[in-house]
Amino acid sequence: MAHRWTNDLTQADATPKAAFLNRRQLMAGVAGLASAGFAGSARAMDETLVPNSFEDITSYNNFYEFGTAKDDPKKYAHELTTQPWSIKIDGLVDNPGDYSFEEVLDGMTIEDRLYRFRCVEAWAMNIPWNGFELADLLQKVGVKPEAKYVAFETLVRPEEMRGQRRPTLAWPYREGLRLDEAMHPLTLMATGIYGETMPNQNGAPIRLVVPWKYGFKSIKSIVRITLTDQEPATSWNLANAREYGFYSNVNPNVDHPRWSQATHRMIGGGLFASREPTLMFNGYEKDVASLYEGMDLTKHF
Ligand SMILES: Nc1nc2c(c(=O)[nH]1)N[C@H]1C(S)=C(S)[C@@H](COP(=O)(O)O)O[C@H]1N2
Ligand SMILES: [Mo]
């Protein structure tokens, strides 16, 4: 849509401009984002979502490398050095190697994506991420036809990650996706929040975001990506296979063995913090349900 910022608007120009202003008014309701130049793609931008505050998103975290309390990541994640950073990309790829963070970003399009985020512990936030589609990176390095899964690892550096001085989980933190999940356009490699460089407690400098899966699939501070033909081992499944499956799609109909997944608590709002119904695939059902056609989601949870 072309805009002419002159007084000679013809009738033909008037409609698009009105539509643009309506969009601006909508965006203005999304606090702070209009001024941050938050555009979002039509596919990913859900204008009914209101993002949580930067404060909520950066002070209530799960990042066990820094401790298990929700405020440990904010207290201790500044101890991690994130420059320089590199990611080893190996396995069934045409161009394996150690890619610097800058080389990873080369050719990628950074977009704004406001996504729902639902932790398996039954709390949720709405987070305005910045990042690129994982599919674009996989295409850049070239995926061999035999590849069926993507495995991810977080760095191990107990000197800077005090939670790793204890065996809370079997370090490194590991996660994985099926290749079609990894290639889905909603799957993001996030490099920022609210247009700012990724805060350390949220997984600097780069982390995965898979909005239709429980939050633990969205692995932080990634240093290795491996293309493989075997379903990769994942940290929470290794820790407790009865409670945490490989798929871990958000599903209000399959309860955690120790609590209901039918509703969640929205972070923020203070006294008005509310419980909300949890949606199938966290609200992304029309985008991703076809990935799981014919699968029993109570068995493959
Ligand atoms: N490396 C690593 N990644 C991780 C975790 C972790 O402990 N270590 N926690 C997971 C869990 S349980 C959640 S809910 C999200 C939290 O992301 P946030 O703190 O940015 O909201 O990160 C996920 N990624
Ligand atoms: Mo989580």
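The values are calculated or read from the model by the stated rules, or taken from the named source; none is laboratory data. In this text the structure is predicted, and so the values were computed from the model without any measurement. Using ideal geometry, Cβ is built from the backbone for each residue, glycine included, and neighbour counts are taken over all protein chains shown.
So which of 148, 88, 74 ends up being out of contact with any Pro (no Cβ under 6 Å at 6 or more places or on another chain), among the charged types (D, E, K, R), closer than 27 Å to residue 171 by Cβ and buried (at least 16 other Cβ atoms within 10 Å of the Cβ)?
Only one candidate qualifies: 74.
What's the total number of residues in the range 212-249 that are part of a loop (DSSP other than H, G, I, E, B) and under 18 Å from residue 138 (Cβ atoms)?
Qualifying residue count for the region: 6.
Of everything in the range 40-98, what is among the acidic types (Asp, Glu) and either under 27 Å from residue 227 (Cα atoms) or at pLDDT 95 or above (or both)? Give them in sequence order.
Scanning the range 40-98 gives 55, 56, 65, 71, 72, 79, 90, 94, 98.
Name the residues in the range 205-236 that are of a type in the set (S, T, N, Q) and either without any contact (Cβ under 8 Å) to a residue 60 or more places away in the chain or more than 18 Å from residue 278 (Cβ to Cβ) (or both), would you?
Residues satisfying the conditions are 221, 226, 228, 230, 234, 235.
Name the pairs: first residue in the range 62-85 and farther than 29 Å from residue 122 by Cβ, second residue hydroxyl-bearing (Ser, Thr, Tyr) and crowded, with 21+ Cβ neighbours inside 10 Å, Cβ to Cβ under 9 Å, at least 6 apart or on different chains?
From residues that are farther than 29 Å from residue 122 by Cβ, the pairs are 82/221; 85/221.
(1) within 13 Å of ligand 1 (Cβ to nearest atom); (2) touching a residue at least 24 places away in the same chain (Cβ under 8 Å): which one isn't true of residue 144, the others all being true?
Every condition holds for residue 144 apart from (1).
Could you check how many residues of the range 57-104 are in contact with a helix residue (DSSP H, G or I) (Cβ under 8 Å, 6 or more places away or on another chain), of a type in the set (Phe, Trp, Tyr) and within 16 Å of ligand 2 (Cβ to nearest atom)?
Total meeting the criteria: 3.
Identify the residue in the range 183-226 that is within 15 Å of ligand 2 (Cβ to nearest atom) and more than 22 Å from residue 290 (Cα to Cα) and, among all such residues, is farthest from the chain's Cα centre (by Cα).
201
What number goes with the only condition from (1) touching a Ser or Thr at 6+ places or on another chain (Cβ under 6 Å); (2) more than 30 Å from residue 51 (Cβ to Cβ); (3) of a type in the set (Lys, Arg) that residue 157 does not pass?
(1)
Spot the failing condition for residue 244; the list is (1) within 15 Å of residue 120 (Cβ to Cβ); (2) over 21 Å from the mean Cα position of the chain (by Cα), and only one is missed.
If we test residue 244 against (1) within 15 Å of residue 120 (Cβ to Cβ); (2) over 21 Å from the mean Cα position of the chain (by Cα), just (2) comes out false.
From the list 185, 199, 211, pick out the single residue that is within 13 Å of ligand 1 (Cβ to nearest atom) and farther than 23 Å from residue 158 by Cβ.
One residue alone meets the criteria, 211.
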